[in-house]
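Enquirer: Structure incoming, see below.
Every read-out reported here was derived from the displayed coordinates using simple, explicitly stated rules and does not represent laboratory data. Just so it is clear, the model here is predicted, and its values are computed rather than measured. With ideal geometry, Cβ positions are generated from the backbone for all residues, glycine too; neighbour counts draw on all protein chains shown.
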Amino acid sequence: MKAVVFHGLGDIGLDEVAEPVIEEPADAIVRITTAAICGTDLHFIRGTVPGMKPGKILGHEGVGVVEEVGSQVHNLAPGDRVVISAVLGCGSCSFCREGHFAQCDNINPYGPRSGTGSPGSPEQQGPFNGLQAEYARVPSAHTNLFRLPDSVSDAQAIPLADIYPTGYFGAVIADVSDGKVATVWGCGPVGQFAIRSAFERGAARVIAVDGHADRLEYAQAAGAEVINFNEVDPVDAIMDLTLGIGADCAIDAVGVDSESAKSGPAAKQARGQDKMHRDEVREIARKSNEQDGHWKPGDAPSQAQSWAIESLAKMGTLGIVGVYPMADRFFPIGTVLGRNLTVKAGNGNHPRYIPKLLSMVESGVVNPEEVLTQQEPLDDALAAYREFDLRSPGWLKVALEPATT
Ligand SMILES: NC(=O)c1ccc[n+]([C@@H]2O[C@H](COP(=O)([O-])OP(=O)(O)OC[C@H]3O[C@@H](n4cnc5c(N)ncnc54)[C@H](O)[C@@H]3O)[C@@H](O)[C@H]2O)c1
Ligand SMILES: [Zn+2]
Ligand SMILES: [Zn+2]
């Protein structure tokens, strides 16, 4: 079968690989009808989140049709259309039972403290091949596959695999509730769902920040007040918009490939922090393989976090869903202490939220398809990756469609 395979930093290929088979009794084999490219995949290829093993299939977002189930899968049958949770749980350990699927004790064969189980991810997150392929093996299928009604299309379902539950989790851990003022840092696909989820959880105002005008337009269409950090200083703007008090809640939907301002008043400040940021990049992305402007690590890993922290009200809460590597130690802890802030972070507990979010999609309360801007054949995956890596205008979220029949 065809699959997008990680060869090395800055080097991926569309390769012919072996089809997966059932390995464990709780496995299912899914024929992928739609996969997607995620900002997380970019961290792996840029080298800012290390540990991908050459030869591994990329991708953790998928929708498909169950082909075969193991003897311990009693809730699904071949022919069922499903969305695959990007975060895998075993469904039986104490963490899964409490809804903390991202901290499952069993799903990752490398051990309970190795990392959140996820397909197509760095090896410490488990040996699971990814979903940018024609077929995939899904472990603990009873817990990680969710049957889709016919009324929900693949384009509506693919955001439920990762970006919607992640955005929702961001709003949960940032303590967004009725009447709150929330900021969302990053208006990529995850940020878009963080904005929508903050409103769903009752936020009175959502202020969204990015440096790309086209992404800010999507944020504004969802009801956010938008700030372009290449035009104004985002911290000053948020303080002005909130009578000098700041936001109650902040969601970091940027992660380690954070950028500094390249123009406007914040660019001046960035020049003063240039050396600090260069040191951060050097330590975080010890290896990278930038080519012709592609696969370039973000130039200011702690920038989004420091703006988010700086613009919080006293006693405010920061929820971090943007991904940072385990070794990252650049965090503005002093301001957190000085203003009695709360910081929560993590990989989303997707199996906990997918059923609820799916029912909102099914009932028409939310149409997640509006964030999906591209649907490309799997054959064109490499070109699509390159556009998404550059955040080219209009390339907000890319779905890939294997051409199997
Ligand atoms: N925790 C989880 O479970 C989970 C799941 C999925 C994705 N993620 C992470 O969420 C993050 C976002 O994912 P995505 O697919 O939307 O990625 P993306 O790269 O498409 O989006 C990131 C956005 O942040 C913007 N940005 C860069 N620097 C900024 C700054 N200083 N301030 C504000 N905005 C800035 C970029 O312009 C871009 O629009 C990534 O780190 C990804 O790995 C986490
Ligand atoms: Zn993802
Ligand atoms: Zn578990």
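Enquirer: What translational D, rounded to a whole number of µm²/s, comes out for the chain from Stokes-Einstein when the hydrodynamic radius is the Kirkwood one over Cα pairs, at 20 °C and 1.002 mPa s?
Expert: 102
Enquirer: Count of lysine pairs in the chain with Cα atoms under 18 Å apart, counting only pairs 8 or more residues apart in sequence or on different chains?
Expert: 9
Enquirer: For each of Asp11, Asp210, count neighbouring Cβ atoms within 10 Å of the residue's Cβ, then give the residues from fewest to most.
Expert: Placing the least packed residue first, the sequence is Asp11, Asp210.
Enquirer: Sticking to Cα atoms, compute the Rg of the stretch 170-214 to one decimal and its Dmax as the biggest Cα-Cα distance, whole number, in Å.
Expert: 9.9, 29
Enquirer: If I take R0 = 30 Å and measure r between the Cβ atoms of Ala327 and Val17 in this structure, what FRET efficiency does the formula 1/(1 + (r/R0)^6) give, to the nearest 0.05?
Expert: For Ala327 and Val17, the calculated efficiency is 0.50.
Enquirer: In addition: What's the local net charge at Ser114, with K and R +1, D and E -1, over the other residues with C-beta under 11 Å away?
Expert: Neighbour charge sum, excluding Ser114 itself: -1.
Enquirer: Ok, one more. Which order results if Leu318, Leu160, Leu216 are arranged by neighbouring Cβ count within 10 Å, fewest first?
Expert: Ascending Cβ contact count within 10 Å gives the list Leu216, Leu318, Leu160.
Enquirer: How many Å³ per residue does the convex hull of the Cα positions in the stretch 164-345 occupy?
Expert: In the stretch 164-345, the Cα hull volume divided by residue count equals 113 Å³.
Enquirer: Also, I was wondering about something else. Taking N as the number of residues in the stretch 91-170, what is its alpha-carbon radius of gyration divided by 2.2 N^0.38 Å?
Expert: For the stretch 91-170, the normalised Cα radius of gyration comes out at 1.16.
Enquirer: Could I ask something else about it? Applying a 10 Å radius around every beta-carbon, put 370-382, 279-291 in order of their mean neighbour count, most first.
Expert: Packing proxy ranking, top to bottom: 370-382, 279-291.
Enquirer: Which ordering of Met276, Met52 is given by a fewest-first count of other beta-carbon atoms within 10 Å?
Expert: The order, fewest Cβ neighbours first, is Met276, Met52.
Enquirer: Let me ask another. Which value in Å does the Kirkwood hydrodynamic radius of the stretch 234-311 take, with 1/r averaged over all unlike C-alpha pairs and then inverted?
Expert: Over the stretch 234-311, the inverse of the mean reciprocal pair distance is 13.7 Å.
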